[in-house]
Each structure stands twice: as C-alpha cells, then as structure tokens.
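Novice: Below is one structure. I have some questions about it.
The values are calculated or read from the model by the stated rules, or taken from the named source; none is laboratory data. Please read all numbers here as calculations on a predicted model, not as lab measurements. When we count neighbours, we look across all protein chains shown, and the Cβ atoms used for this are built from the backbone with ideal geometry, even at glycine. With ligands, DNA and RNA removed, areas are computed over all heavy atoms of the protein, side chains included. Shrake-Rupley method; radii C 1.70, N 1.55, O 1.52, S 1.80 Å.
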Amino acid sequence: MKNFFRIHISFLLLAILLTSHQAIGQNFRLGRVTTNDFIQGSYEKDPDASAVILFDKGRTSVEYDSNQGQFYYLYRKEMRLQILDERAFDWANFEISLYTGGTTNETTSNFSGFVHNLENNKVKTVKVTRHHSLTEQTSDTRRTIKYSFPEVKAGSIVEIGYTIRSVYIYSLPHWQFQYSIPVEYSEYEISIPEYYTYQNFMQGYNQAEYTQKQSTTTYTFTGRSGSSNVTPNVNNQRWIIRNLPAMREEPYTNNILNYVSLIRFELSSENFPGTQPNRFVSDWSDVDKRLQDSENFGGFLTGSRQLRQEMRELDLATEDETEKIRAVIQFIQNNIRWNNRNAVFASSNPRQVLRSGEGNAADVNLMLVAALRHMGFQANPVVTSTRNNGMVIQPFPTINRFNYVLASVVTKDGSELLLDATDPFCPPGMLPIRALNGQGRLITETNARWVELKPQFSASERKIYNFSIDQQGLITARAELFKTHYAAYSTRKSLENAVDLQKYKENYQSNFPGMLISQLDIENTEDIALPLVKKLDFTLSDGVHHAGDMIFFKPLLFEAMARNPFRLEERKFPIDFTYPMNEEITITYDIPQGFEVEFLPAAMQTHFKNKIFFRFSSRVNEHNQIEVHTIYEVRDHFFLPADYNGLKEFFKNMVEKHSEQITLKLTT
C-alpha cells in the first residue's frame, strides 16, 4: 500500500511539474507583471549573471495574401528579461532590422514595449512608444529601428514584442535560444503549408524538446476563371529549451555564435498542385549551380574587353610566377577600391565595376579571378563566410550563410594559393583575419569542393628592450620591435586607422600605464615584403616598487601576462588562437648605482602537447646587467575543448612565472 501511494504521489508531482512548465508558455502575456515575477538579489542558478531572460517566444508562419497573390511570412517575437545590475543596461536597447533591398520592403507592426520596476512593493510600468525609437538606413539593403527603453535600472523587468512581415520566404528567420545571459525558457514555432519544404539545422550543446503536428488552413486563390478556396495541410513544428546557461565568451574564441543553441531554416523545394516541383537547395551541388548560373557570380568571371586589354598591356619584366600574381593583385587594388562591404555576388558587371573604381568583396575578388584567368592562370573563386558572420556548416547546404569571396590560383607545382585583393597588407597566400574561418567552397565548372581556410603565416615578433632604472624607480628605455606576417599586419592596420603617427603614438602609450614616448619611428609600413620595425624611446614611471632599501619589479614589466585568459570551469567550444604565434623578448636592465641583485626568478620551460611552448630565463651578465629572455610560441592555432584544462594549466604556470619579481637590494 505504501508503494502504491508513493507511485501515485510521484506521478502527481511529475504532472504538476509538467503543468507548471507548460503554464510558463501559456500564461505569459506582455505587460502583465506581478511582484512575484521579480528576482530579488542575484540569480540563484547563476549568481554572476547581470541579467536573465525569463521568457523568449518566437513564431513564424507562412501565409498567403489573396489581394497580392503571393505568399509571405509573419515573424512574431516576444521577450521578457530582468536586468539585475548595471552591467546589463545595454540589454534595454533593442534593434529591429528590416530588409529594404528588394522590390517589396519588409515591414514591422504590433510593437509592444514595457519597463516594469518594483517600487514600495508595487509594480510601476512605463510603456515604450515610437518616441523612444530612432530609424536609420544602416546599409544599402537594411533599415534598422533602434529602441532605447526608458527608466531602466537594476532590477527592472523589460519586455518587447513585435511582428515582421516579409515576402522573402526563401530563408526564414533563425531563432537563437541561448545568449550571454541565462535563459529560463525559450520557444520557437513554425507553421508551413504543405507547398513548401524547408531544411533546418540545429546547433549548440542543449537538447530541445521537439513536437510536430498537422493542421489545415484555407487560402483563396484568384485566377482568370475566378476565385477558388483551397485547404492545404500545415506542418506545425515547435522547439522548447529550458534553463539554458549563459554562453560567455572567453579569449581565443572564433565567434561565440558558432556555438550557442540556435536553429536556421532554408527553403529546399516548393511543390504546388498541378505543377512540377521546384527545387532550390537540397545539397551542395544546388548551391554550386546557382552560383555558376548567376550573372553576378559565374557570369562575372568572363571579365570584360577592357580587362582583357589591361592584362595584355600589363608590363611585366619578370617570368617569376609569384611576381606575376603580385602584379595582377596590384592592378586590381590600384583600380578597384574595396568599399568595406562583404558580398558573394558582384554589384554590377565587370565593365561598370572598373569604371566606378570601387566595389564590394565579390566585385574585387571575382575581378581578380577573371584577371588571373586572362593571364593564363588556373584561378577560381572561393565562397566563404567571415568570422563575424559565423561558420558555414557542411551538413547544412545553404547559400545564405556565405557573405564573402576569395580567389584561388594554382601554381606550377600544383599547390593552391588563396588570395584576397581587398586588403593591401596581405601578400599572396596570406588571408585577412576576417577570412580565417573554417572552410570555404571552391567553385569550379566541374568539381566544386571544400578548401581549408587555415593561416599559412604566423604572427612573429622579436622584441629587444634596454632598460635603465634610476634610484627613484624611473625607467628610461629604448626598444626595437621586429614584426612579420600577422604581427606586422595588425600594426599596419592600426596605423591605417590612426589619423597620423602622433595619434598612433598616443593610442599606443595609453595601453601601458606610466609610459611616455619621446621618440617613435616605424619602418617598412608600406612594403609588406619586409618586416615592420618599430623603434621607440620612452620613460616608464609605473612598474618598479620600493620597500625600504629594496626595489621590486616583474622581469617583463608591461609585457607580462597579468591573468590567465582561461577561467571557466569547463569550456564546450574550441580554442582558436587565429594563427600560430612566436614571440621572443630580450630585456637588458642596467642596475641602479648602489644596488645589487638579491633575487632572480629561476629558469623555466613548459609546454602542452608540444603545440604551445614557454621558456624563461634570467641572469646577471658579465657587464653586471640583468638579462631576461623569454619565448612564447603557439605552433597549432586550434585546440579542441578536451584540451581546455591542459591549456588552462599551461597559462596558469606562465602567469605565475610572469608574476615573480626581481629583487634589488641597496648596498651603500
């Protein structure tokens, strides 16, 4: 009998639990908040959370407009979140992005926004209106409505709801379940008439509850013979994930959106009664064909009469293959300025692009492919996705995830060089950082395939410092810094973005407390074939500490790694250093008069899997100077989550060694 009651009580508790979870989705209404809905203090499941999404619900349905005679989708989003402290105030700023690049603009309606605050145990609600918004044309094809919610403070509950109407049913809105803050409940539902078939791809580490059911709807179609009603089946699918942890970004992460729980959709086929099925994208060969058949991709590669003439007249005093490739790249860069816009399709035909003198990434690099072909090279385009756009996943054939184009050229020895003419600081074979993103698809007429977008160059730095410490602890310094490949690339980009050398100097020294640069010279800023050399004289008033007759300072001063970049208990996503690195630092200290060395940190050498190394040594040389020498080398830029604890331990040891101090003692 006791077991009978226990079983029934267990079923009762389970039923109550399931009912309460269902009630979260059923009872949520925008604008209806009670005192019980507020979290008091920190969030129990994640005490470090600055905010928590309490409810996030989305629904997309494909509908038919009998007046316009076309299908469209309606996307509805409703979200409630609580801001726990001032770190999360940005979560009270929302943006609604609308596509305006086609014949019919996307529109938004049914906006609702509220800010709820708990004051004297009563809920005070402020309604958000259009007066709290600003509309901007953020690109040629995008209009963005930006909302700034009023009266937001720590403890506020913020709610937003809106609907988007779009005729661009080829690609339905994706749904993001997981964010950088915890999510209590996230639900997404789609309703699709039987005429359309979408493929979907679910990513992330959290399992969704999935349900599917069939229903019917009625459309009125109007033709030459009049109107008729049809009743197609509708496929309704729903995904729910509860209690999602915050996906916090750590250093050495490609793009955190590659790893959050998220679902994407793309139209694979349409099939209307009485017509032949129309297939869009069901496998990668469909993607390849669409690109080849497009006038603004495959058609662009034929080039133009002007381009052929320019290539014939290109004055090349060398038969060296690499120099020829450089010359073609230089021609493209001299004649087409990249307008900082990423694209897979060219904006116009080759003749007009050359005439305008500027273009998007596809204009530039498709033109590079065409020019190389005119010069007799075997060249093809590579479509890819930039790092900030996220990776393209092979199991999910799609054209919409691509947003960038590179060029590939085959050399005499059969190897392939990847090229990008949008960036003047990249020699042949070296890609800009934005393009180092997993894999790209090489598009050829007969054999499209995947290619690795791995870095072929490292970031190499050799730093030589000469420091002289006076008796008050002020350091007078001279430095020579030699940078190649990606290390030089980063500095050249910084110089390009700075107004002038003076501004660059101010920005540089602001990164190091107590630094005052008196002289700065930078060599080889334009010639990317040579190492970039930075020479500077400066003083440093921070970093040396006195205690009685003792002086203390870290051997690497401002070059020391202050904290371990890896601090999570567990990391589920890969570690990506972007490219291999090699940094060698040599520092010579002149010991201040009247002092002698009391303590030098011991030598150390450590590694992890022979893929990442750290070496440190210090000594007093024959000139009574302190010499510090260190090498930090990352040979493999990519590590799996299983390597996280090993890397975490490696950097822990490295930081501890950097934190040890040299001690000088007054002798007279």
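Novice: Which of the residues that make up region 524-547 are in contact with a Leu (Cβ under 8 Å, 6 or more places away or on another chain) and exposed (fewer than 13 other Cβ atoms within 10 Å of the Cβ)?
Specialist: Hits for region 524-547: nothing passes.
Novice: Could we say that N497 is more than 24 Å from T663 (Cβ to Cβ), at pLDDT below 90 and open to solvent by 40 Å² or more (accessible area, probe 1.4 Å) here?
Specialist: Yes: the conditions hold for N497.
Novice: In region 567-586, which residues are in contact with a helix residue (DSSP H, G or I) (Cβ under 8 Å, 6 or more places away or on another chain) and among the β-branched types (V, I, T)?
Specialist: I575, T578, I585
Novice: Follow-up. Looking at (1) open to solvent by less than 50 Å² (accessible area, probe 1.4 Å); (2) modelled with pLDDT under 95; (3) under 22 Å from N236 (Cβ atoms), which is the only condition T218 fails?
Specialist: Only one criterion is unmet by T218, namely (1).
Novice: Take the residues in region 257-292 that are outside any loop (DSSP other than H, G, I, E, B) and either over 19 Å from R401 (Cβ atoms) or touching a Pro at 6+ places or on another chain (Cβ under 7 Å) (or both); name whichever of them is least open to solvent (accessible area, probe 1.4 Å).
Specialist: Going through region 257-292, the residues outside any loop (DSSP other than H, G, I, E, B) turn out to be 257-258, 262-270, 278-279, 284-292.
Still in the list and also either over 19 Å from R401 (Cβ atoms) or touching a Pro at 6+ places or on another chain (Cβ under 7 Å) (or both): 269-270, 278, 284, 286-287.
Numbers: S269: 33, E270: 44, N278: 65, W284: 30, D286: 19, V287: 1 Å².
Filtering region 257-292 for residues that are outside any loop (DSSP other than H, G, I, E, B) and either over 19 Å from R401 (Cβ atoms) or touching a Pro at 6+ places or on another chain (Cβ under 7 Å) (or both), the one least open to solvent (accessible area, probe 1.4 Å) comes out as V287.
Novice: Within region 180-208, work out how many residues are within 15 Å of I241 (Cβ to Cβ), open to solvent by 40 Å² or more (accessible area, probe 1.4 Å) and touching a helix residue (DSSP H, G or I) at 6+ places or on another chain (Cβ under 9 Å).
Specialist: The number of residues fulfilling the criteria is 1.
Novice: Another question, if that's okay. Checking the structure you have, find out if any residue of region 47-58 is within 30 Å of Q137 (Cβ to Cβ) and either open to solvent by 20 Å² or more (accessible area, probe 1.4 Å) or among the acidic types (D, E) (or both).
Specialist: Scanning region 47-58, I find at least one residue that is within 30 Å of Q137 (Cβ to Cβ) and either open to solvent by 20 Å² or more (accessible area, probe 1.4 Å) or among the acidic types (D, E) (or both), so the answer is yes.
Novice: Could you tell me which of the residues E310, E295, E319 is assigned to a helix (DSSP H, G or I) and surrounded by fewer than 19 Cβ atoms within 10 Å (Cβ to Cβ)?
Specialist: E310
Novice: Criterion first (surrounded by fewer than 19 Cβ atoms within 10 Å (Cβ to Cβ), under 28 Å from the mean Cα position of the chain (by Cα) and of a type in the set (V, I, T)) does V620 satisfy it? Break it down stepwise before answering.
Specialist: On the way: surrounded by fewer than 19 Cβ atoms within 10 Å (Cβ to Cβ): yes; under 28 Å from the mean Cα position of the chain (by Cα): no; of a type in the set (V, I, T): yes.
So V620 does not fit the description; no.
Novice: Look at S490 and say whether it is open to solvent by 50 Å² or more (accessible area, probe 1.4 Å) and either touching a residue at least 40 places away in the same chain (Cβ under 8 Å) or part of a helix (DSSP H, G or I) (or both).
Specialist: So S490 fails the test.
Novice: Answer yes or no as to whether S285 is hydroxyl-bearing (S, T, Y), in contact with a helix residue (DSSP H, G or I) (Cβ under 9 Å, 6 or more places away or on another chain) and under 30 Å from N360 (Cβ atoms).
Specialist: So S285 fails the test.
Novice: I'd like to verify a number: residues in region 559-609 that are at pLDDT 95 or above, open to solvent by 30 Å² or more (accessible area, probe 1.4 Å), over 30 Å from M391 (Cβ atoms) and not in a strand (DSSP E or B), how many?
Specialist: Matching residues across region 559-609 total 4.
Novice: Can I ask one more? For R478, indicate whether it is at pLDDT 90 or above, assigned to a helix (DSSP H, G or I) and either more than 30 Å from A547 (Cβ to Cβ) or in contact with a strand residue (DSSP E or B) (Cβ under 8 Å, 6 or more places away or on another chain) (or both).
Specialist: no
Novice: Given region 377-451, what strands (runs of 3 or more DSSP E) lie entirely inside it while holding 1 or more residues that are within 30 Å of N524 (Cβ to Cβ)? Steps first, please.
Specialist: Numbers: elements: 378-384, 404-410, 416-419, 439-442.
Result: 378-384, 404-410, 416-419.
Novice: May I pose another question? Any idea which of (1) among the charged types (D, E, K, R); (2) under 26 Å from the mean Cα position of the chain (by Cα); (3) under 27 Å from G31 (Cα atoms) is the one E136 doesn't satisfy?
Specialist: Just one mismatch for E136, condition (3).
Novice: Do we find that H658 is over 25 Å from I433 (Cα atoms), more than 29 Å from the chain's Cα centre (by Cα) and not in a loop (DSSP other than H, G, I, E, B) in this structure?
Specialist: yes
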